[in-house]
Each structure stands twice: as C-alpha cells, then as structure tokens.
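Everything below concerns the one structure shown next.
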Amino acid sequence: MKVILKENVENLGFKDEVVVVKNGYGRNYLIPKGMAALATDSALKMLDENLKQRAVKDQKVKDEAQKTAEALKALVVKVPAKVGEKGKIFGSVNTIQLAEAIEKSGHNVDRKYIKIKGEAIKEVGKYEANVRLHKDVDTDFTFEVVAEK
C-alpha cells in the first residue's frame, strides 16, 4: 500500500514522502493517527504541486540547518552535571540536558533528533553525539560533561 506521510516517522520516512507500507500498518496505525494519507492519483498530483511551491522555502531552511551544523562542529558544548567522588555523575546525561546546553550556546535543536553515541554517560569527560537538523543535514559534534558548580 502506498501512503503519503503527513509528518516525519522514525525509521520510515519524512513528511511528504511517498512510501510503501504493509496494509495493516497503513490502515490500522498511520492513517487513523493522522500520520499518513492514502496515495491516490489526485493526492499525488496535489503533493507534486505543493512540493514545487515549497522547494524554494525548503532550500532556505536547509541552508540555515547547514550553517547551524557547521557552528555545532566548531563548538564544544559544555553540559553541567552533579558529580560525586571520582568523577561519577549522579544519574546520567540525556538528550534533554544536551538540548538545553546547545540552546544556551545560541542554537535551537529539537531533542528528539539528538542521538548520543555509545553507552549511557555516567562520568565526566568528552563525548560525541549526532543531531539531525534537516532531512538532508545531520552532523556529529563534541560535548563535554563538566562538574556543576
């Protein structure tokens, strides 16, 4: 079954993409939740026209995402965390804390699109993460977990 996605769906596709899914997944999950619409001939024509009109706007958004990606690569984000003896963190650093630290540095990033590489972060040190800023733009960046003052 062909459907047109109305929003980004993890591990399936991005908004306004035409994807092929199993009948049950499309009819019982995607369409009732408003995440997709059936890809009929008229819906595909409307989608094509909308994509043509949106192409210029999308290029501006992509360029801005590229600038943010370059800035994040050059920046070392510092994430403060409560630390006990021997550099152990109480709990662990998660994407919410990382998104807040990035926002303090002047860049707006949605925490849903941040993926921390490796195991859970439970010690002070430097780590890497990946962030998807646009459907065509993602970047790796370095962040440092520091002791909270």
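Report, in degrees rounded to the nearest 10, the 0 to 90 angle that the Cα long axis of helix 41-74 makes with the longest principal axis of the chain.
The angle comes out near 20 degrees.
Would you mind checking which residues have amide H under 5 Å from Glu7's amide H? H placed 1.01 Å from N; only 5 or more apart, or other chain.
Under 5 Å from the amide H of Glu7: Asp16.
For an R0 of 25 angstrom, estimate the FRET efficiency from the Cβ-Cβ distance between Asp63 and Lys112 and round to the nearest 0.05.
Efficiency, rounded to the nearest 0.05: 0.70.
Work through the residues other than Phe141 whose Cβ is under 13 Å from its Cβ and net out their charges, Lys, Arg +1 and Asp, Glu -1.
Around Phe141, the charge tally is +1.
Can you give the Kirkwood hydrodynamic radius for segment 67-147, in Å, rounded to one decimal and based on Cα pairs?
About 12.8 Å for segment 67-147.
If you place +1 on the Cβ of every Lys and Arg, -1 on the Cβ of every Asp and Glu, and leave all else neutral, what size is the dipole of the chain about its Cα centre, to the nearest 20 Debye?
Dipole magnitude for the chain comes out near 260 debye.
Let me know the charge dipole size of segment 2-62 about its Cα centre in debye, to the nearest 20, where only the beta-carbon of Lys, Arg (+1) and Asp, Glu (-1) is charged.
My answer is approximately 100 debye.
Going by how many other beta carbons lie within 10 Å of each one, how would you line up Tyr25, Tyr127, fewest first?
Least to most surrounded, the residues fall as Tyr25, Tyr127.
Would you look at the GNM of the chain, springs on alpha carbons closer than 10 Å, and say which of Ala129, Ala39, Ala101 moves the most?
Sorting by GNM fluctuation, first place goes to Ala39.
Tilt of helix 95-104 relative to the longest C-alpha principal axis of the chain, in degrees (0 to 90, nearest 10)?
With rounding to tens, the tilt is 80 degrees.
Which entries of Lys67/Lys135; Lys6/Lys67; Lys15/Lys73; Lys78/Lys115; Lys104/Lys135 show an alpha-carbon separation above 20 angstrom in the structure shown?
Those over the limit are Lys6/Lys67; Lys15/Lys73; Lys104/Lys135.
Return the calculated 222 nm mean residue ellipticity for the chain, to the nearest 500 deg cm²/dmol, obtained by summing -39500 (n - 2.57) across DSSP H runs with n ≥ 4 and dividing by the residue count.
-10500 deg cm²/dmol
Give me the extension gain from Thr40 to Glu85: residue separation times 0.36 nm, minus the current Cα-Cα distance, reported in nm with one decimal.
10.0 nm
For the chain, what are Rg and Dmax over the alpha carbons, in angstrom?
19.7, 64
Which order results if Lys117, Lys6 are arranged by neighbouring Cβ count within 10 Å, fewest first?
The most exposed by this proxy come first: Lys117, Lys6.
Mind sorting Phe90, Phe141, Phe14 by how few other Cβ atoms lie within 10 Å of their own Cβ, fewest first?
Final ranking by Cβ density, sparse to dense: Phe90, Phe14, Phe141.
How much length, in nm to one decimal, is gained on full extension between Asn130 and Asn23, taken as 0.36 nm per residue of separation minus their Cα-Cα distance?
So the chain would gain 35.2 nm between Asn130 and Asn23.
DSSP loop (so not H, G, I, E, B), at most 12 other Cβ within 10 Å: list which GluC sites (Glu not before Pro) in segment 42-149 pass both filters.
Passing sites in segment 42-149 are Glu119, Glu148.
Projecting each Cα onto the charge dipole of the chain (Lys/Arg +1, Asp/Glu -1 at the beta carbon, about the Cα centre), which of Ala39, Gly84, Gln66 comes out farthest on the positive side?
Gly84
How large is the dipole of segment 67-147 about the Cα centre if only Lys and Arg carry +1 and Asp and Glu carry -1, each at its Cβ, rounded to the nearest 20 debye?
Dipole of segment 67-147, to the nearest 20 debye: 140 debye.
Bear in mind that the values in this text are calculations on the coordinates, not laboratory data. Since the model is a prediction, treat every value here as computed from it, not as a measurement. No Cβ is skipped: glycine too gets one built from the backbone with ideal geometry, and neighbour counts run over all protein chains shown.
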